[in-house]
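So the structure is just underneath, and the comments pick up after that.
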Amino acid sequence: MPRPPTTIAIATSRLSLAAHGLCAAAVVGLVAVVAPPWAGLLAAGVLGGVLATLALRRPRGELRGTPKAAGGVEWSWRDSAVQAWRPVSLRCDYLGPWLIGLRLEGRRLWLWPDSSDAESLRRLRRELLPLP
C-alpha cells in the first residue's frame, strides 16, 4: 500500500530572526564601543536593513513529498494554498535534531523548530533520511 504524501506548511522562524538579531546587536555594540559614534549608527542602520530584508525574503509556503512506486520521493512546492503544486528539486544538506538544511531549487532553506509544527517536521525528517 503506497504511503500518503507528506505535506509541511513552512512559516518564517522567529527563532532564526532572534538569533540573527542577537548577532547583529553584538556587532553594533562592538562597533559602538570601539569606533566613533557615527560608525555605530551606520552599523545599526545597515544591519537593521539586513534583518528586515531577511525577514521579508524568507520563503513561506508548503512542501509536499509524494512517494513514487519505484521508490524515492517526488517533491513539490507552492507559495500559497491557492496556487498549484510545482515540481522542485530538493537536496538535504543538514539533518539535525534542531535544524534542517535544505536546497530547494538551489535556494538555501533552513527549517528551525518553529518553522512548522513538531509532527510535520518529524515526518519530513523521516522522508529526508534516504536523500543524499
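Looking at segment 28-54, which of its residues are in a helix (DSSP H, G or I) and either on the phi > 0 side of the Ramachandran plot or not aliphatic (A, V, I, L, M) (or both)?
Hits for segment 28-54 are 29, 37, 38, 40, 45, 48, 49, 53.
Identify, please: which residue in segment 44-62 is of a type in the set (Val, Ile, Thr) and surrounded by 12 or more Cβ atoms within 10 Å (Cβ to Cβ) and is, among those, modelled with the highest pLDDT?
46
Inside segment 63-80, can you point out the residues that are loosely packed, with under 15 Cβ neighbours inside 10 Å and of a type outside the set (A, V, I, L, M, F, W, C)? Spell out the reasoning first.
Here is the first cut: in segment 63-80, the ones loosely packed, with under 15 Cβ neighbours inside 10 Å are 68-72, 74, 79-80.
Of everything in segment 63-80, those that are loosely packed, with under 15 Cβ neighbours inside 10 Å and of a type outside the set (A, V, I, L, M, F, W, C) turn out to be 68, 71, 72, 74, 79, 80.
Quick grid of which residues meet (1) touching a helix residue (DSSP H, G or I) at 6+ places or on another chain (Cβ under 9 Å); (2) farther than 20 Å from residue 104 by Cα; (3) modelled with pLDDT under 90:
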site: 16; (1), (2), (3): yes, no, yes
site: 19; (1), (2), (3): no, yes, no
site: 39; (1), (2), (3): yes, yes, no
site: 42; (1), (2), (3): yes, yes, no
site: 70; (1), (2), (3): no, yes, yes
site: 79; (1), (2), (3): no, no, yes
site: 88; (1), (2), (3): no, no, no
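What's the number of the only condition in (1) outside any loop (DSSP other than H, G, I, E, B); (2) out of contact with any Pro (no Cβ under 9 Å at 6 or more places or on another chain); (3) within 16 Å of residue 6 (Cα to Cα) that residue 130 fails to meet?
(1)
Looking at segment 87-95, is at least one residue in a loop (DSSP other than H, G, I, E, B), among the polar types (S, T, N, Q) and loosely packed, with under 15 Cβ neighbours inside 10 Å?
yes
Restricting attention to segment 108-123, does a residue exist that is in contact (Cβ under 8 Å) with a residue 12 or more places away in the chain, over 15 Å from the mean Cα position of the chain (by Cα) and closer than 17 Å to residue 3 by Cβ?
yes
The values are calculated or read from the model by the stated rules, or taken from the named source; none is laboratory data. Only a predicted model underlies this, so the values are computations on that prediction, with no experimental measurement involved. Please note: Cβ atoms are built from the backbone with ideal geometry, for glycine as well, and neighbour counts cover all protein chains shown.
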